[in-house]
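Below: the structure, in structure tokens.
The values are calculated or read from the model by the stated rules, or taken from the named source; none is laboratory data. Please read all numbers here as calculations on a predicted model, not as lab measurements. Every residue, glycine as well, gets a Cβ built from its backbone with ideal geometry; the counts of neighbours run over all protein chains shown. Surface accessibility is based on the protein's heavy atoms, side chains included, excluding ligands, DNA and RNA. Shrake-Rupley method; radii C 1.70, N 1.55, O 1.52, S 1.80 Å.
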Amino acid sequence: MVDVILGLQWGDEGKGKIVDYFAKNYDIIARFQGGPNAGHTLYVGDKKVVLHQIPSGIFHPDKINLIGNGVVLDPVTLKKECEAVEALGCNYKSNLFISERTHLILPTHRALDKASETSKGNDKIGSTLKGIGPAYMDKTGRNGLRVGDLLDKNFTTQYIKLRLKHQRLLDNFNFHEDITPWEEEFFDAVEFLKTLNIVNGEYFIHEKIKTGKRILAEGAQGSMLDVDFGTFPFVTSSSTISAGVCSGLGIAPQFIKEVIGITKAYCTRVGSGPFPTELTDETGDFLRNAGNEFGSTTGRPRRCGWIDLVALNFACMINGVTQIVMTKADILDSLEELKVCKSYLTNGQETTTVPFQMNRIEISPIYHSFEGWNSDISKIKDFSALPDQMNNYIRFINNYLGVPVNYISNGPGRDQIVAG
Ligand code: GDP
Ligand code: IMO
Ligand code: MG
């Protein structure tokens, strides 16, 4: 049996904290896509940890954490992450597993990411520059190298062949930075990676499923960054939606049960691209400061705005979301008035459909307003203790989406969650 936790917006919904919270109910926590562009924050005691590639169940000593074949893996980041979690008492040597089919991010992928973004000028995507796009291009272009290739005696030859190909592309981009130090770091990290548990991920997970083990698939990024259904071209390069679980872990659809979607009580986006409910006024600044909305991976300020139910409804539809977790509700505590976007006005027409090219048309959000709850909810443990105004807010969202909001996260702490 497999459940999924994924983001319904443009990433950073609080997946790290929520996966860590739910992990106790599962035997295996598995990442199915993305790479070090992700930054998943969780707390171990009072220590803040940001995970990029290691699944967010790693601090549960009795759980297996699997990096699936759908991920693109940077050995350099992985080594640093392993050292960081070990310093907090985590034994990654026994509970971290990596699929041999997982594609590798090479130093030249990072260089190509940078060169490609620079060449786009004002049209840049706002990539995290971790080499994600070029690594997935080499996967679909059938050039990429995989974790299993590291164990082959011809790995260095294969690496040099691909590097030469990349060099020609970099020359075209007029990119001449010296990446030799990156390569030294890479080969050092490769030796480290070879000492980890490298497995055939799909057989590994099926053996567990056959013996009744419970799997939690952890998404990275968010549905609006999905390569097919997001705000293309301002998206990431992987399938961030529930369908990505099947191809990213080798699991057939019928094994998937619950799809738990996470949304913030408002909305953020980092990087370029359309964001209909973005607030560039003092309310936007308030959300950024109160919510500490600065990227976990890059430190960039996140763009902030009201929750967008048109986009959320779309995300629930393509993912088959069965229940919702709403995070960062506490950030709205002091607001007098709250808004939710219930439709878009485009070319004089009101619509509740996400348009094909959001960035080519003018979208004016149509809002429904609510009285704020104006009280501190961060210590509440029980749904029945939530303020009436908050119940109104949640009920409206429940009814609009037709999916229950079963959990409300009211602070970054491990135990700050109200379960319905
Ligand atoms: P992820 O990428 O989806 O895992 O999210 P990030 O870790 O990038 O960003 C979420 C941020 O919000 C982190 O700093 C979390 O510690 C924090 N956070 C998560 N849930 C809550 C919440 O309910 N309230 C508050 N105040 N912070 C939260
Ligand atoms: P988590 O898992 C928020 C955004 C980047 C950029 C676009 C493409 O922490 O929610 P990429 O590096 O993939 O080429 O960038 O996607 N992006 C994220 N935004 N959270 C993330 O991950 C993101 N991963 C990528 O800012 O706009
Ligand atoms: Mg994040």
Out of the residues in the stretch 35-66 that are within 16 Å of ligand 1 (Cβ to nearest atom) and aliphatic (A, V, I, L, M), state the one that is nearest to the chain's Cα centre (by Cα).
Ala38
For Ser272, are the conditions met, namely being within 16 Å of ligand 1 (Cβ to nearest atom), open to solvent by 20 Å² or more (accessible area, probe 1.4 Å) and not in a helix (DSSP H, G or I)?
no
Limited to the stretch 241-259, what total is found for residues that are surrounded by fewer than 23 Cβ atoms within 10 Å (Cβ to Cβ) and touching an Asp or Glu at 6+ places or on another chain (Cβ under 7 Å)?
3
Result of the Cβ filter at 8 Å on the stretch 394-416, keeping first residues that are over 21 Å from Lys381 (Cβ atoms) and partners that are open to solvent by 50 Å² or more (accessible area, probe 1.4 Å) and modelled with pLDDT of 95 or more, at least 6 apart or interchain, is Phe396/His368; Tyr400/Asn313; Tyr400/Lys342; Leu401/Asn313; Val403/Thr322
Note on the stretch 365-382: residues touching a residue at least 40 places away in the same chain (Cβ under 8 Å), more than 27 Å from the chain's Cα centre (by Cα) and either at positive phi or open to solvent by less than 60 Å² (accessible area, probe 1.4 Å) (or both) are Gly372, Trp373, Asn374, Ser375
Verdict on Phe294 being touching a residue at least 24 places away in the same chain (Cβ under 8 Å), open to solvent by 10 Å² or more (accessible area, probe 1.4 Å) and within 15 Å of ligand 2 (Cβ to nearest atom)
no
Of the residues that sit in the stretch 299-346 and are outside any strand (DSSP E or B) and touching a Lys or Arg at 6+ places or on another chain (Cβ under 9 Å), which one is surrounded by the fewest Cβ atoms within 10 Å (Cβ to Cβ)?
Thr322
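Looking at this structure, is Val354 aliphatic (A, V, I, L, M), modelled with pLDDT of 95 or more and either within 16 Å of ligand 3 (Cβ to nearest atom) or outside any loop (DSSP other than H, G, I, E, B) (or both)?
Numbers: aliphatic (A, V, I, L, M): yes; modelled with pLDDT of 95 or more: yes; either within 16 Å of ligand 3 (Cβ to nearest atom) or outside any loop (DSSP other than H, G, I, E, B) (or both): no.
For Val354, the condition - aliphatic (A, V, I, L, M), modelled with pLDDT of 95 or more and either within 16 Å of ligand 3 (Cβ to nearest atom) or outside any loop (DSSP other than H, G, I, E, B) (or both) - is not met.
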Pick from the stretch 379-397, criterion of a type in the set (A, V, I, L, M) and not in a helix (DSSP H, G or I), ranking: farthest from Leu312 (Cα to Cα):
Ile380
Under 9 Å between Cβ atoms, at least 6 apart or on separate chains: pull out the pairs that start in the stretch 214-225 with a residue that is touching a residue at least 40 places away in the same chain (Cβ under 8 Å) and more than 25 Å from Val310 (Cα to Cα) and end on any residue that is open to solvent by less than 10 Å² (accessible area, probe 1.4 Å) and within 11 Å of ligand 2 (Cβ to nearest atom).
Leu216/Val19; Ala217/Leu6; Ala217/Arg31
Just one of the numbered conditions (1) over 17 Å from Thr77 (Cα atoms); (2) open to solvent by less than 30 Å² (accessible area, probe 1.4 Å); (3) not in a loop (DSSP other than H, G, I, E, B) is not true of Gly144; which one?
(3)
Confirm whether Ile132 is surrounded by 24 or more Cβ atoms within 10 Å (Cβ to Cβ) and aliphatic (A, V, I, L, M).
yes
List pairs: first in the stretch 125-145 and in the same structural domain as His166 (by TED's automatic domain parsing), second aromatic (Phe, Trp, Tyr) and surrounded by fewer than 20 Cβ atoms within 10 Å (Cβ to Cβ), Cβ under 8 Å, 6+ apart or cross-chain?
Leu145/Phe155
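For the stretch 226-252, what are the residues that are of a type in the set (A, V, I, L, M) and either more than 16 Å from Asp12 (Cα to Cα) or in contact with a Gly (Cβ under 6 Å, 6 or more places away or on another chain) (or both)? Break it down into steps so the answer makes sense when it comes.
Initially, the stretch 226-252 is screened for residues of a type in the set (A, V, I, L, M), giving 227, 235, 241, 243, 245, 249, 251-252.
Within the stretch 226-252, Val227, Ala243, Val245, Leu249, Ile251, Ala252 qualify.
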Considering His52, His40, His60, His103, which residue is surrounded by fewer than 20 Cβ atoms within 10 Å (Cβ to Cβ), touching a helix residue (DSSP H, G or I) at 6+ places or on another chain (Cβ under 7 Å) and not hydroxyl-bearing (Ser, Thr, Tyr)?
His60
Scan the stretch 169-186 and tell me whether some residue there is over 19 Å from Val71 (Cα atoms) and either in contact with a Gly (Cβ under 9 Å, 6 or more places away or on another chain) or part of a strand (DSSP E or B) (or both).
no
